[in-house]
Structures are given as structure tokens and as C-alpha cells.
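Visitor: Here it is: the structure, laid out below.
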Amino acid sequence: MEHINVKSLVFEYPGEKELSFADFSLNAGENLLISGNSGSGKTTLLHLMAGLLTPEKGSVCYTGKDISIMDPGELDRFRGEHIGMIFQKHYFINGISVLENLKAARRFAGNKNGHAWLTTLMEQLEITHLTHKKPHQLSEGEQQRFSIARALANEPGWVLADEPTSSIDDRRCEQFVKLINQSLSDKKTSWIIATHDQRLKQYFNNIYPL
Amino acid sequence: MNYQHMYILKLAIQKLRSRPGSTFFSVLLFAIGCSIISLIIIAEKNLQQSVERNFSGIDLVVGAKGSPLQLILSSVLHADYPTGNIPLAQAEQITRNPLVKKAIPLALGDNYRGFRIVGAPVDYPLLYDAQLTEGSWHNQVLDAVVGANIQRSTGLQLGDQFYGVHGFRETGHAHPEFLYTVTGIMERSGGIMDNLIITPVESVWKVHGDHYHDDHQHDDHKHDHHPHNNDLDHAHLHNNDPQNPNEDPQLLEIKEKIEAGEDISFEEMQLYQEFLLQSETPSVHADLEITAMLLQFRSPAGMIQLTRTINESTRLQAASPALEINRLMSLTSTGFDLLSVLAWIIIIISGVNIFIHLWNVLRQEMQDIALMRVMGAGRATVFMLLLWQGIILAAAGWLAGTILARLVWLLLPSFHFMTHTSLMMLFAGEATLLIFALITGIIASLIPAWNAYNTDVHYSLTRKQ
């Protein structure tokens, strides 16, 4: 059974032309890079895969479970427990510290503990010294690293990332790739990354062009 | 409540704290409405408690003609000026009625540093179950027993001497030639006794010789009834020796009925009282006056009959504390009702303000809500997050309001017959107010919460800001 199977996926924004996505599947231990120009549908595909959008047709299955037929509550739980997301814009729960944001990711997924894992994660991303700051007090690069940490906070099976390296320098980009490989080997986390960042292409074997 | 709910509650508090300005304003507005209602509840409760405590055992007050409410306020609650003085001899005639169980004369006129000096027998403080912390009850002329608040406020100690000032204000004509001696200090009771100085009635007569009676006449008079051992005997009301009614069979029949505890008609009461009033008992107190007399009756029926008789057949006035205070309460309750309406309007406005606060929060933090949904928070969870914020704002407003009401109550110029003993407790009305506050908070947050519940995650995360 494939780790991810995207089949016959069609979506249409009101008043716009229909978007059709080619079928693809991933096996366990594989990552995928979705490349394409702006407006090609990268974000839409990621949101369809996360269940944030409901396709007109087609299905998205994770280890055989079709999320397009899940009820909203089941989908929220599934997403919280198994999918980490990184958005092009850096969203946080305002009013609480970035560390609280990371803890929120675990708590909403039903995990009370896991502070050790969060510490490890923050050390790897070199953000430990920023934990008690509020999101608006961070630079864009720091916010991006926290977004990555939050996506991994719940030790998900899959991470769907939209332009995750747009605000970070080459050194941190390499660190990020290292983190991707490490999470794949240690936590069996598969990454599906939508980007037009050319720096990432060299590190991926599976590329899905849009 | 499981940990997930606890976490949402914690997050709701954190969200409110992150917006201190608007949160403070919402709580403040709610607090103002709640504090007015709370203040009304406290005032009503204190008034009610004070009335219950200070009216214990007093069925009727007899005094000079005038406003019956003023008579009650001045003689029972010591909160107004007396309607005037009455001749002791007339008061004694009333006490001869066998329906009267107990009669306590009061003589007012002076104060010490704003606290009233009340001439009354020991029966008066004992009527309120007053106890002494030290010393003994007043026994001689110019002995004084002081209330707990007075002792605390003035520092008077046993054996200290002081003089009164005429009237009920601190400034006035002083009587330095008549020094009172503190012989006893009363325990704090939470009632009227805490704020009174009790002295024998004779002390007041002595200090106000020209107002109340002539001392010389008093010294010269002869007593047929019983020998007076000391001046205090004058305050004993002579209520046990009316002229013999046995000469009139109708009067004898009425007297037998009264003694047997049977009901008598108003006409019978009037007849008997007229007989008592016409009885020419040689009064030893022809020139003496008192301010009022507190009466206890053997039966409620007797009180009604005698009240009518006194008011219709004498120059005195009889007023029932219960009736007058009910009248006062109904007057004050109209004011309280108006204030309540105003307070409820403020609470409704506060509810609308909470709605606006949460609506703005939702508009500005729609992406937060969407992000929470992405992180696995269900629709019900984000719904509860908004609902909790509404509930917390309302509950905090209620809490601040009840505290504010107590502070205002303490700062208000207090009536000395009221006490602050019950401020630490929550009144039933305030508990009901909490329920209404919470309902208001819930209603105000329902629409924002419902919108959070229906958040379009994709739209919220991709819309242009």
C-alpha cells in the first residue's frame, strides 16, 4: 500500500478555470518536491492534500484512508495527529509565546507531553533562545524556523510545506534539508514540499512539476 | 473537565490577556452594571438585617405626635430627630393596660462626639441581648455604658468621664457641669447598641433640668406607691395600680377577659383604655418628660387595638416599627427598582460590548482560528475558545462588580444603624446575578463562536490582509 496516493484530483475555484492534478503516489520513506511557477496551483494542491479544500473529484489517501470522505471532526483529528503544515506566510496563534505555539500543536493533537522532543527540535533549528518571545517579536527567518518546528512538533507522518525556505539563507537552507532527512530517517516523516526555490531541487529525487 | 478543555480555558485567558486594553474596558463596563445591582442587594440586605436586629421585640413605639416614620427612625434606629417629648405621666397611663407586657422609656437629647446618649433602663440594652465586655450596667445617675463602636472610636475606658453636647451634632451647647462616668462597655453586637451610650433616664432629666423636669419638684415630691431607694426609681413605669375597675361590671368583664387572654373588641379596648386614661392616679411625675416609650405586647391583637386607641383618644402617637419600616422599604424599593433598571441596561450594553470585543477578536484573529483547525483543533474546540472568552469577561466583570460594590458601600457615608458584618459573604441575589452575567456572556459570544465554528480554513489562510 502506498504511503500517499493522490488520484484524479480536480478542483475549481468559483468563477475560475478548473484545476486538474496528475495522479501521483509516494511510498514510505520518500519525499516529494512540487515545483511550479506562481499561480500554477501548488498551494491549492497542498491544501487539497491537507483536507483544507474539498476536491470536486478525486481522492487523497494516506495509508489507504481517503481524507476526502472523512467528516470534519475526523479530518481535524487526522490532520492534527498525522500532518504537519508549513505555510508560505508564517501564521501563529497570537498573544502567546512561540514555545506555547509549539505546545499548542501537540495539545490540539491530543499529546500532553513531548517537551524533550520540542527542545531537540528547537536546538536543531537554533531557536532555543527565542522560545519565550511572541511571534511578532521574531524576524521573518526566525518565524519560518518556528513554522518548521511547529510542523514537526507533533512528530507527524507527513509534512506539507509551502515555500518553506523562502526566507532563509543558504546555511539555514542546508540545515533545513538535513532536518528533512533526519526526520525521515528518525521519525519516518515524509515531506511534500511545494516550492520554486532552486536550491532545494538538488536534494529531491521525486519532483512533481505543475 | 478533561485536559483539552482545561487547555482551551487557559488559552482563552491568554488570548484575553494579550489584549489588555479592550479586555479591561469590557470587564469595567460589565463591572459597573454588576456593581450597581450588587450595591442595591447589599443595601437592601443590610437594611433588612438592621431592621430585624434592631426591631427585636418592639411592637409599638409611643411618642409625640408627628411623623410616625420619624418617631420610629429616631427612637428605634436612632437615625432621625425625635418628634418631641411626651409627659411621663401619660406614658405611664398607657403602660397600665394589662395587654402591655413590657414598657421601656427613652430620653434623648445629647450626644458625645456624635454618638447619642440615650436615657433608658437596663431593660433597653437587654432587649437586644447586649452583653458587657467589662464593667457593670448603669446604676446611678450619670453612669454611662458605652457601645463597642464608641469605645473603639473614642477610646473611652472604664472610669473615664465625659460630658454631653446638646443635640445630635458634635458641635453644640455643652454640659461640662454634668460629667458622665463610664461604668460599662458593651460587646460588639452588630446592632444599634454598638453606637449608643446608655445612661439612666434620670441622667437626662438631671442634665436637662429645665427641659425635662424641675429637679426641685422632683426632690420634693412624695411617693405613695413605694419608697424610692435612689433616683433610678423614677424611671420605673408605674403600671400596676390603676383605679379599681370592679365598680363597673362592664369594665370588670373586660378586665377578666384581658387577664384570661381572651380577645376583646375595639370598643371594649377603647372603653377600658379611656377608663385607664381617666384614672386620676396621683402622678409623681407631673413635670417629667420622656422622648418615647417602647412597648411589648402580650398579644398582637392587643397592639392593634391599643394603637388605634392611643392615636384616636390621646395627644400621643403610637407607631408600629414593622408597619413604618415596611412603608420605608416600599419607598426605597421604588428608587432601588429604578437603579436596577439602569444597571440592567448597563449590563445589556456590556453584553453588546463583549459581543463587539469578540467579533473584533474574531475578525482580527480569524487566521489564528484557522491555524488551530490546521493543528487539529476541532470546530467545537474553537467554538469553546470564543465562548470561554465571553464567559470569562462576564465572570470577571461580575467579580469586579461585587468587589467594587463592597468598596463603594464601605466608602459611602454609613447609617450607624446599619452594619458591614455581612460584606464578606455572597448574597443570594448576587449569585443569581452571576448566573445572569454568565448567560449574558454566553449569548454575547455565541455569534462569534458560531463563526469560529464555521471558519473556512483555506480562505482564512490565503486571503489578502
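Visitor: Is the C-alpha gyration tensor of the stretch B:1-101 telling us rounded, prolate or oblate? Criteria: a/c under 1.5 is rounded; beyond that, a/b larger than b/c is prolate, otherwise oblate.
Guide: Prolate is the answer for the stretch B:1-101, as a/c is 1.5 or above and a/b outweighs b/c.
Visitor: Set Lys and Arg Cβ to +1 and Asp and Glu Cβ to -1, take the dipole of the protein assembly as shown about its Cα centre, and tell me which of B:168, B:371, A:5 lies farthest positive.
Guide: The residue sitting most towards the positive pole is A:5.
Visitor: Using the charge dipole of chain B (Lys, Arg: +1 at Cβ; Asp, Glu: -1 at Cβ; taken about the Cα centre), state which of B:135, B:391, B:186 has its Cα farthest towards the positive end.
Guide: In chain B, that residue is B:391.
Visitor: Tell me the label-point distance for the pair residue B:166, residue B:179, using the 7 Å Cα-to-Cβ offset, in nm and rounded to one decimal.
Guide: Result: 2.2 nm between the two label points.
Visitor: Let me check I've understood the local charge: for residue A:52, count other residues with C-beta under 12 angstrom from its C-beta, Lys and Arg +1, Asp and Glu -1. What total comes out?
Guide: Overall, the nearby charge balance is -1.
Visitor: Using only the Cα atoms of the stretch B:85-185, build the gyration tensor, take square roots of its eigenvalues as a ≥ b ≥ c, and label the shape rounded, prolate or oblate: rounded if a/c is under 1.5, else prolate if a/b is larger than b/c, else oblate.
Guide: It is oblate, given that a/c is not under 1.5 and a/b is not larger than b/c.
Visitor: Need one number: % antiparallel among DSSP beta bridges in the protein assembly as shown, to the nearest 5.
Guide: 65
Visitor: In Å², nearest 100, what accessible area do chains A and B bury in total when the solvent probe is 1.4 Å?
Guide: 2500
Visitor: While we're looking at this one, here's another question. Taking amide hydrogens as modeled 1.01 Å from N in the peptide plane, which residues meet the under 5 Å criterion relative to residue B:290, leaving out close sequence neighbours?
Guide: Here the answer is B:86, B:88, since their amide H atoms fall under 5 Å of that of residue B:290.
Visitor: On to the next question. Out of residues 5 or more away from residue A:159 or on other chains, whose amide H comes under 5 Å of its own, with H placed 1.01 Å from N in the peptide plane?
Guide: A:84, A:190, A:191, A:192
Visitor: Can you give me the solvent accessible area of residue A:162 with a 1.4 Å probe, rounded to the nearest 10 Å²?
Guide: 10
Visitor: Per-residue mean of other chain beta-carbon atoms within 10 angstrom of the beta-carbon, peptide A:53-60?
Guide: Whole-number average of other-chain Cβ neighbours for A:53-60 is 1.
Visitor: As a test, work out the antiparallel percent of DSSP beta bridges whose residues both lie in chain B, rounded to the nearest 5.
Guide: Here the antiparallel bridges make up roughly 80 percent for chain B.
Visitor: Give the accessible area for residue B:355 in Å² (nearest 10); use a 1.4 Å probe, count only protein heavy atoms, and leave out ligands, DNA and RNA.
Guide: Accessible area, nearest 10 Å²: 60 Å².
Visitor: Solvent-accessible area per residue for the protein assembly as shown at a 1.4 Å probe radius, Å²?
Guide: Averaged over the residues of the protein assembly as shown, the accessible area is 44 Å².
Visitor: Sticking with this structure for a sec: Starting from the Cα gyration tensor of the stretch B:333-465, take the square roots of the eigenvalues, sort them a ≥ b ≥ c, and report rounded, prolate or oblate (rounded when a/c is under 1.5, otherwise prolate if a/b is larger than b/c, else oblate).
Guide: prolate
Visitor: What share of all Cα pairs of the stretch A:3-203, in percent, falls into each consecutive 5 Å distance bin?
Guide: 1, 7, 16, 20, 21, 17, 11, 6, 2, 0
Visitor: By average Cβ neighbour count within 10 Å, what is the ranking of A:16-28, B:196-208, B:91-103 from highest down?
Guide: Those peptides, ordered most packed to least, come out B:196-208, B:91-103, A:16-28.
Visitor: For chain B, what is the mean residue ellipticity at 222 nm derived from helices alone (per DSSP H run of n ≥ 4: -39500 (n - 2.57); sum divided by total residues; nearest 500 deg cm²/dmol)?
Guide: Mean residue ellipticity at 222 nm (helix-derived): -17500 deg cm²/dmol.
Visitor: What spacing in nm lies between the two simple spin-label points modelled at residue B:274 and residue A:181, each 7 Å away from Cα in the Cβ direction?
Guide: Distance between the two pseudo-spin positions: 12.3 nm.
Visitor: Calculate how large, on average over all directions, the projected area of the Cα convex hull of the protein assembly as shown is; give the answer in nm² to one decimal.
Guide: 43.3
Visitor: How high is the relative contact order of chain B? Use alpha-carbon pairs under 8 Å, at least six apart in sequence, and give a whole percent.
Guide: Relative contact order for chain B comes out at 28 percent.
Visitor: Checking the table A:89/A:201; A:103/A:188; B:10/B:45; A:17/B:15; A:65/A:187; A:134/A:188 against a 29 Å threshold on Cα-Cα, which pairs fail?
Guide: In this structure, B:10/B:45; A:17/B:15; A:134/A:188 exceed 29 Å between Cα atoms.
Visitor: For the stretch A:3-203, give the share of DSSP beta bridges that are antiparallel, in percent and rounded to the nearest 5; count only bridges with both residues there.
Guide: Restricted to the stretch A:3-203, the bridges split so that about 50 percent are antiparallel.
Visitor: Continuing with the same structure: If you count, for every residue in A:90-103, the Cβ atoms of partner chains within 10 Å of its Cβ, what is the mean?
Guide: 4
Visitor: Which of the lysines could be linked to residue B:257 by a straight reach, that is with a Cα gap under 17 Å, when you skip same-chain ones fewer than 8 residues away?
Guide: Counting by Cα, and skipping residues close in sequence, residue B:257 has these lysines nearby: B:101.
The values are calculated or read from the model by the stated rules, or taken from the named source; none is laboratory data. Please read all numbers here as calculations on a predicted model, not as lab measurements. Positions of Cβ are generated from backbone atoms using ideal geometry, with glycine treated the same way; all protein chains shown enter the neighbour counts. Surface accessibility is based on the protein's heavy atoms, side chains included, excluding ligands, DNA and RNA. Shrake-Rupley method; radii C 1.70, N 1.55, O 1.52, S 1.80 Å.
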